[in-house]
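Colleague: This structure is in structure tokens; I'll ask about it shortly.
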There are 2 protein chains.
Amino acid sequence: MPTIAVDAMGGDHAPDEVVKGAALVSTTTEIETLLVGDEMRLQAILDRVPYDPEHIAIAGARGSGVEDATRAVADGRADAVVSAGGAEAAIVAAAKHLTLLAGVKRPVLASVHPRQIEHEGQDRLALLVDAGATVRCDADELLQLALMASAYARRVSKVAEPRVGLLNMGLDETAGGPVLAEAHRRLRQHPRVHFVGNVTGDELVRGKADVVVCEGLLGAVAASLVGGMSETVGDLARAAAEQRLVWRVGLRLLSQGVERVQALTDFARYGGAPILGFERIALVCHVHADARTISNAIKVAAKAVRDRVPDEMRDALGRGR
Amino acid sequence: MPTIAVDAMGGDHAPDEVVKGAALVSTTTEIETLLVGDEMRLQAILDRVPYDPEHIAIAGARGSGVEDATRAVADGRADAVVSAGGAEAAIVAAAKHLTLLAGVKRPVLASVHPRQIEHEGQDRLALLVDAGATVRCDADELLQLALMASAYARRVSKVAEPRVGLLNMGLDETAGGPVLAEAHRRLRQHPRVHFVGNVTGDELVRGKADVVVCEGLLGAVAASLVGGMSETVGDLARAAAEQRLVWRVGLRLLSQGVERVQALTDFARYGGAPILGFERIALVCHVHADARTISNAIKVAAKAVRDRVPDEMRDALGRGR
């Protein structure tokens, strides 16, 4: 069973919700969790909730929680790291302590976003990469991140042949300037990429692509915009869901709409966004993460370890170059 | 009274809805409309609806409707042009026939998007510019489009001192690479720009900025994403609005949510997106434009002419350089 190092001090609701999330995992799975942070505080929180001491260990942090948790992975004490302490700190810690896959120049952040399902076998969440580890990317990097994110989607989302789209301002193969035109050409020609062409902003929330690639500036703005709009319509979904009366009066169309909006607004709690490009997996949770988010992220990280996602990425990067 | 040249053949519902929109304007305002297109077809549609022949003229199109309508502005037969035939065609026609303002290198497209109101005097729509006339912009161009869009917002939206934000991946003044860092510095220092700093994706739908500036690639994706998400939640708002029962059972919170979602989903019908940078005003409507959209766009164009928006832009560009 994999061991997941968790930055217990990172996030708006840390350490309480982080520890509770790990405790939940310990009583329901065989995953080993290594909580990294203030030992006495963490143990005091654990003592108040049900947990299985066979599956949880605590390690004191000398520096920041995320850095010490990442170091635990580098030292071989854990197989993957989870943190809700902010993507930037997690990327910096990973860059400092983990080893890049052969041929990868820079790590990238893959964010998950909800979308409609249009093709059989699609996951209800799609990957947007890079969501802000880089600013600008050249065509070679855009191809690399398509290969890495496809490998992740194949193993973690179980999408056999992930559809890859290039986020762009138009569908024409020359749209978006020379770098995107070159990336379009290389993605289309690569034997390991199932390229479905350019993806415009409105198509990001539809089922055209399972993996959407773009430079970090564009991806960070798009991911943040999806998050912001989800929050804006969130009250509506919550209010409607609470009012069971709505269902009883038979507003079928309304109930479908509420379900769709809920899917849009609930995804931030779903789990973590993977940092791709290293020999080991690091998952970043939303800073608002609660116990459920943390427990989901630990499970996703364990799954990525068991399914040997870094091997799949190395393999994808190596072939067809 | 200004004369507005309208491309009667452009858009998914042309020429019927375009002609009906112009007819509506003729019976309710003193604005002169010049409908450009297939004369016999246009007259046949006009004959079926109430209209004031004193305020509508028809001109045959020799080439494309948008190009001939734009030529009418260049020739002095009209003061501004409105088209629903696609932004790209409108920009190409404007570039061919209209004169750029002194010092402006390239025209830009300003799209309107709905957002929350946080400050007194804000319009419920904010401007996002450039929404796709360019791909990349340098710092000088980002400053220019902040000045032009602020001038437009001052005159058309009546926002006395429009708040300007720079769309970026983070709030730090150095976020987004050297071009955005330089743009941040120049926007902050310019005496004619009320700069409120960087704006992240989630803040685009809030009231932080009245004018959000960015390069065309980023703006086109963001505008399209807002449109796509609005459509995704649109069914919900429509269904809820139709079911008056919902109000009767007293779901106050739900009704507030529905209003907010409706504001998000209805904006595409509101009017036109201005092309900025020329001595004359060109407005682009959504290709799905109906009669109401067209009539609103004609009124906005007339208002922009009466309020001398190009003079305000020229003035803004000239000072403080």
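Colleague: Please state which one of A:A289, A:A268, A:A282, A:A302 is modelled with pLDDT under 95 and surrounded by 24 or more Cβ atoms within 10 Å (Cβ to Cβ).
Modeller: A:A289
Colleague: Only one residue in B:E67, B:E39 is of a type in the set (D, E), within 20 Å of the chain's Cα centre (by Cα) and more than 19 Å from B:N296 (Cα to Cα), so which one is that?
Modeller: B:E67
Colleague: How many residues are part of a loop (DSSP other than H, G, I, E, B), closer than 22 Å to B:R314 by Cβ and of a type in the set (A, V, I, L, M) when one looks only at the stretch B:64-102?
Modeller: Of the residues in that region, 4 qualify.
Colleague: Return yes or no: is B:A61 of a type in the set (A, V, I, L, M) and more than 30 Å from B:G216 (Cα to Cα)?
Modeller: The answer is yes for B:A61.
Colleague: Turning to a different aspect of this structure: Condition test on B:V66, is it of a type outside the set (D, E), within 28 Å of B:S230 (Cβ to Cβ) and not assigned by TED's automatic domain parsing to the domain that holds B:L217?
Modeller: Yes; evaluated as a whole, the condition is true for this residue.
Colleague: Going through B:A90, B:A95 one at a time, which residue ends up being modelled with pLDDT of 95 or more, surrounded by 24 or more Cβ atoms within 10 Å (Cβ to Cβ) and under 18 Å from the mean Cα position of the chain (by Cα)?
Modeller: The match here is B:A90.
Colleague: I'd like the full set of residues that are in contact with a strand residue (DSSP E or B) (Cβ under 6 Å, 6 or more places away or on another chain) and away from chain A (no Cβ under 13 Å), limited to the stretch B:189-208.
Modeller: Within the stretch B:189-208, B:V193, B:H194, B:F195, B:V196 qualify.
Colleague: What is the residue count in the stretch A:1-23 for residues that are out of contact with any Ser or Thr (no Cβ under 7 Å at 6 or more places or on another chain) and either on the phi > 0 side of the Ramachandran plot or assigned to a loop (DSSP other than H, G, I, E, B) (or both)?
Modeller: Total meeting the criteria: 9.
The values are calculated or read from the model by the stated rules, or taken from the named source; none is laboratory data. Note that the structure is a prediction, hence the values are computed from the model and not measured. Neighbour counts are summed over all protein chains in view; Cβ atoms, including those assigned to glycine, are modelled from backbone coordinates with ideal geometry.
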